[in-house]
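Readers should treat all values here as calculations from the given coordinates under stated rules, not as data from a laboratory. Small disclaimer: the values here were computed from a predicted structure and weren't measured. Virtual Cβ from ideal backbone geometry, glycine too; neighbours counted across all protein chains shown.
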2 protein chains.
Amino acid sequence: MTLSSRIQHPLLKQKIMSAESAALLIENGDHVGMSGFTGAGYPKLLPQALARRIELANQGDQKFSIGVWTGASTAPELDGALAKVGGINMRLPYQSDPTCRARINAGQMDYVDLHLSHVAQIVWFGFLGKLNVAVIEVAGVLPDGRLIPSSSVGNNKTWLDQADKVILEVNAHQSAALEGMHDIYYGTERPPHRKPIPMEHTGDRIGEPYLRVDLNKVVAVVETDLPDRNTEFNAPDQTSEKIASHILAFFEEEVKMGRMPPALLPLQSGVGNIANAVLAGLNRGSFENLTGFTEVLQDGMLAMIKSGKMTMASATALSLSPTANQEFLQNLDFYRDKIILRPQEISNHPELIRRLGVISMNGMLEADIYGNVNSTHVMGTRIMNGIGGSGDFARNAYVSMFMTPSTAKGGAISCIVPMVSHVDHTEHDVQIIVTEQGLADLRGVAPRHRAELIIQRCAHPDYRPALLDYVQRAQHNAQAGQGGMHTPHILDEALSWHSRYEREGQMLPKL
Amino acid sequence: MTLSSRIQHPLLKQKIMSAESAALLIENGDHVGMSGFTGAGYPKLLPQALARRIELANQGDQKFSIGVWTGASTAPELDGALAKVGGINMRLPYQSDPTCRARINAGQMDYVDLHLSHVAQIVWFGFLGKLNVAVIEVAGVLPDGRLIPSSSVGNNKTWLDQADKVILEVNAHQSAALEGMHDIYYGTERPPHRKPIPMEHTGDRIGEPYLRVDLNKVVAVVETDLPDRNTEFNAPDQTSEKIASHILAFFEEEVKMGRMPPALLPLQSGVGNIANAVLAGLNRGSFENLTGFTEVLQDGMLAMIKSGKMTMASATALSLSPTANQEFLQNLDFYRDKIILRPQEISNHPELIRRLGVISMNGMLEADIYGNVNSTHVMGTRIMNGIGGSGDFARNAYVSMFMTPSTAKGGAISCIVPMVSHVDHTEHDVQIIVTEQGLADLRGVAPRHRAELIIQRCAHPDYRPALLDYVQRAQHNAQAGQGGMHTPHILDEALSWHSRYEREGQMLPKL
């Protein structure tokens, strides 16, 4: 298919222009809603053209910057390019770009880290102000003006509905065969007019395969032919394999005890190598007829669909490595009826996560001995990426699991600490903690016993003595009247592991 | 109505026995699910008889204790009596009893602090083990064996369904006219068999007015004629009045800006004097046709129904002062069709809270400068009460608000601190913080700007200089490469306000 043949509506054909021309339609201070979720389906030319414009403007007297709202993380061509020239004054709701991260942590850029299921609705509520422009990558435009979504849906429906102006990037590199794989739900409303979301199973289609747009709002159409930022996954290492094996053993026990059905329940899996390794483990395991209800479909889940272990997966983005992407494109007819891409307010909706009974598996930076989890802040002050959908899923899941290697930075950091330096998931929302050392099942367990379990099962042996020592002294102090025995802590020492790491480059205290 | 005339089923009449005899049917180590939510509808004789039995047993060689699961807090006759004799080995999911609290904080009793909407389902999932006995207060038994619920519903449906043995307390003191005010939903299932909950408005009835019980499981019926633990509220003081006025002004602005409808959205209000004062403020304000979707209906909401400001309220418990209770009983025909009592998994259900767009207003112990909230732990180690439903509501609300006086203990404690000593509601879930000083609107605001707002708007003037000093030094350090500027902290000092209070009885640092 040639570039222009992707744009089948005459009015929109007339709006075709260069990215440079389109970039002139965005104004200083605008709130711009861009497509893109985990490196999939983001606009590829407009942001770079805009970055060049901003760079020039900022070389002169004019200070030019915009607010960038997306689905989740994008790519160097979007977040990287705009951040590099100081073009973003505020970014939400999730990013993982090195330049963005550096600028946020240097205090040069504001970042609002939101639950991914909350973003669309708070824009509808008016809580973030007016959305001025939407910049949306699509795979094509139908003769009637409806849009074929790209490799991610994210918040595109909301951006198209809410923005005053719309700029489309029509990317001929996205397979035309994506058409029909999306399910865009147009039944959301603002309270008090909301209805139940009519979905009971992962594979239920409740919407339509196309995005709607008011053609009068479309101010520019930019043609592109560029791939998504696809990166290869690391092959599962020994640590990931061990984490996967603990999780598999847990699932087997749960099924045996009648606490989970034999086909488990819809799986949610966070992004990254460990999540991918867990899915690879499930693909080798004995479970059959699995389903996925997740935000990002990565290589591991695609392999499970291919093998037949997984019969249906729902997500908001396809974020595949080049190898897996090739497999997907070559066999798209096989995958077509086994994958549904939905808006992120649906893929991550608390109502659906609770109803379906999703099994939530997310990575984390660190957990503390009482089961609080830090997913976002390195040593309490520097943002890593963001909370993403981990809170949407963990809070409403059937079982919420968090996983990490027990140490980081070659052992200098213990991922099990006395007190986490930032809390993204509270003790009330964390049921299972897994490291390569083992799995701690915290369901129905009171804080002091959680500490025992987490230290014995999950902490690295090098750190266990220091953690036990902390616990014993905290309990001793509490018995002596300094603090309570419900959640014993030594307040002056609780965060000392982190400050020691900042000072000395290693967490381990001298005993 | 005489005592026995409340029990209209012949088989259950035969099961009538003394509380002492019924207490013999509970065994050491049992998990016992008891009725009761915020001092309403708890069993009043059986727990005391059981406490006497346990006291005797524990004077001898026999160690006797049980796990006590409830709806939420109960009363001295239940939590107090059993805790006093060391009869509780594990308590969940919420308590507010002084004896319980003391034993938990002394390490003599385990406590698992759960979201109230999670309790029923995790029992169904089998995550807490077998429920051996249910002890449920009811207002009466119909000829066909169905049960007229009491002044709270809580987890009673689940306890009756899941327990091996059932002991009923039929309390003739509860008005017979409560009959018909409850709505017990029997449509819940375990995944993957769950359906949408068919509720779209606060006043929708989706269940039936009675609790079902398998009569073969009923091992004892105990007759009582005793009032709920009703305590008077304090008259709103100046601090509460100011908090209420800030919230009213916020609502007025939201309506003016089109961010809330003129009748607002269903109100959730936590327990206690401040919550009550806010409702009193709304009752004097200009809003009309208000609704409530909350867990506990207290005096303030009853007064709003009486005045006509509120047209409908949904809750799981009626927790009224003696004065308000008298008003309620005298005018029950007026209130009958304006109040619905539901199981707590429905009153607090994430699906419904999000769909209805509930405005969530909860008290807290402290907030930090970045908007994290501690609802449960005094100085990070001692449990106060528990998280209750605050997380159910805050996470899924249309707007989540937390309120507290700016200081406690005569000014020795600042309720705005550099870092909270325990996190129950993360920065991602807290939108509005209110003290008598003012209201901080954190929607769409990045961390450093949140700190400015919270300190300027909410902190007590006596603490503002020290908080600003902390922020400035934390930012200075971050600029010098010690930590990040996203959420600047001085890790060695972040919890020093709390440890200073523990040592010196006051939080304020010397500048």
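Counting, for every residue in A:474-487, the Cβ atoms of other protein chains within 10 Å of its Cβ and taking the mean gives 6.
Taking every alpha-carbon pair under 8 Å whose residues sit at least 6 apart, the range B:233-317 reaches a relative contact order of 28 percent.
Residues A:Arg146, B:Arg342, arranged from fewest to most other Cβ atoms within 10 angstrom of their Cβ, appear as A:Arg146, B:Arg342.
Peptide A:186-192 shows a mean partner chain C-beta count of 5 within 10 Å per residue C-beta. For the protein assembly as shown, adding -39500 (n - 2.57) for each run of n ≥ 4 DSSP H residues and dividing by the number of residues yields -8500 deg cm²/dmol at 222 nm. All C-alpha to C-alpha distances of the range A:418-462, sorted into 10 Å bins beginning at zero, yield P(r) values of 26, 60, 14 percent in whole numbers.
FRET efficiency for the pair A:Glu288 and B:Gln506, taken as 1/(1 + (r/R0)^6) with r the Cβ-Cβ distance and R0 = 51 Å, rounds to 0.25. Excluding same-chain neighbours fewer than eight residues apart, the aspartates and glutamates reachable from A:Lys242 by a Cα-Cα span under 20 Å are A:Glu252, A:Glu253, A:Glu254, A:Asp299, A:Glu366, A:Glu436, A:Asp441, A:Asp462.
Using the Kirkwood radius over Cα pairs, work out the Stokes-Einstein diffusion coefficient for chain B at 20 °C and 1.002 mPa s, in µm²/s as a whole number.
Estimated via Stokes-Einstein, D reaches 90 µm²/s.
Would you mind checking A:Lys195/B:Lys338; A:Lys44/A:Lys165; B:Lys130/B:Lys165; A:Lys309/B:Lys195 for any pair whose Cα atoms are more than 20 angstrom apart?
On the way: A:Lys195/B:Lys338 22 Å; A:Lys44/A:Lys165 18 Å; B:Lys130/B:Lys165 11 Å; A:Lys309/B:Lys195 25 Å.
Exceeds cut-off: A:Lys195/B:Lys338; A:Lys309/B:Lys195.
For the Cα atoms of chain B, what angle does the longest principal axis make with the long axis of helix B:238-256, in degrees from 0 to 90, nearest 10? Roughly 80 degrees between the two axes.
Inter-copy label distances at A:Asp214, shortest first and taken from points set 7 Å along Cα to Cβ: 5.8 nm. For chain B, the longest principal axis of the alpha carbon atoms and the long axis of helix B:464-479 meet at an angle near 70°. The mean number of partner chain beta-carbon atoms within 10 angstrom of a residue's beta-carbon across peptide A:425-435 is 4.
Calculate how steeply helix B:447-458 sits against the longest principal axis of the alpha-carbon atoms of chain B, using the helix alpha-carbon long axis, and give the answer as 0 to 90 degrees to the nearest 10. With both axes taken from Cα atoms, the answer is about 80 degrees. Extent of the range B:72-171 along its three principal axes (Cα atoms, max minus min coordinate, largest first): 47, 30, 21 Å.
Peptides A:290-301, A:441-452, A:209-220 ranked from most to least packed give A:290-301, A:441-452, A:209-220, packing being the mean of other C-beta atoms within 10 angstrom over each peptide's residues. Mind grabbing the base-10 log of I(q)/I(0) for the range B:357-511 at q = 0.08 Å⁻¹? Debye formula, identical points on the C-alpha positions, no solvent, two decimal places. Here the Debye-derived log intensity ratios amount to -0.20. Normalising the Debye intensity of the range A:147-205 to I(0), with uniform scatterers on Cα atoms only, and taking log10 at q = 0.12, 0.19, 0.23, 0.31 Å⁻¹ returns -0.40, -0.90, -1.12, -1.36.
Each Lys and Arg contributes +1 and each Asp and Glu -1, all at the Cβ; summed about the Cα centre of the range B:360-511, the dipole is approximately 140 debye.
Using the Cα atoms of the protein assembly as shown to build a convex hull, what is its mean projected area in square nanometres?
On the way: hull surface 156.4 nm².
Seen from a random direction, the Cα hull of the protein assembly as shown projects 39.1 nm² on average.
I'd like the FRET efficiency for A:Glu55 and B:Ala57, computed as 1/(1 + (r/R0)^6) with the beta carbon distance as r and R0 of 60 Å, rounded to 0.05.
Numbers: r = 79 Å, r/R0 = 1.32.
Once rounded, the FRET efficiency stands at 0.15.
Normalised by 2.2 N^0.38 Å, where N is the number of residues, the C-alpha radius of gyration of the range B:158-302 stands at 1.38.
Shape summary: the range A:242-348 maps onto an equivalent ellipsoid whose semi-axes, from the alpha-carbon gyration tensor, are 23, 15, 13 Å in decreasing order. Among all the aspartates and glutamates, which ones have a C-alpha under 17 Å from B:Lys13's C-alpha, if same-chain residues fewer than 8 places away are not counted? In chain and number order, the partners are B:Glu137, B:Asp144, B:Glu169, B:Asp214, B:Glu223, B:Asp225. The distance from the alpha carbon centre of the range A:423-467 to that of the range A:88-153 is 35 Å, rounded to a whole number. Look at the alpha carbon pairs under 8 Å that are at least 6 residues apart: their mean separation over the length of chain B gives a relative contact order of 13 percent.
Sorted by average packing, counted as other Cβ atoms within 10 angstrom per residue and highest first, what order do B:419-430, B:82-93, A:170-181, A:8-19 take?
Values: B:419-430: 26.3, B:82-93: 22.3, A:170-181: 18.9, A:8-19: 15.5.
Per-residue Cβ counts within 10 Å, averaged per peptide and sorted highest first, yield B:419-430, B:82-93, A:170-181, A:8-19.
The range B:231-309 and the range A:194-226 have Cα centres spaced 39 Å apart.
Reported to the nearest whole Å, the Cα centre-to-centre distance from the range B:7-26 to the range B:384-418 is 43.
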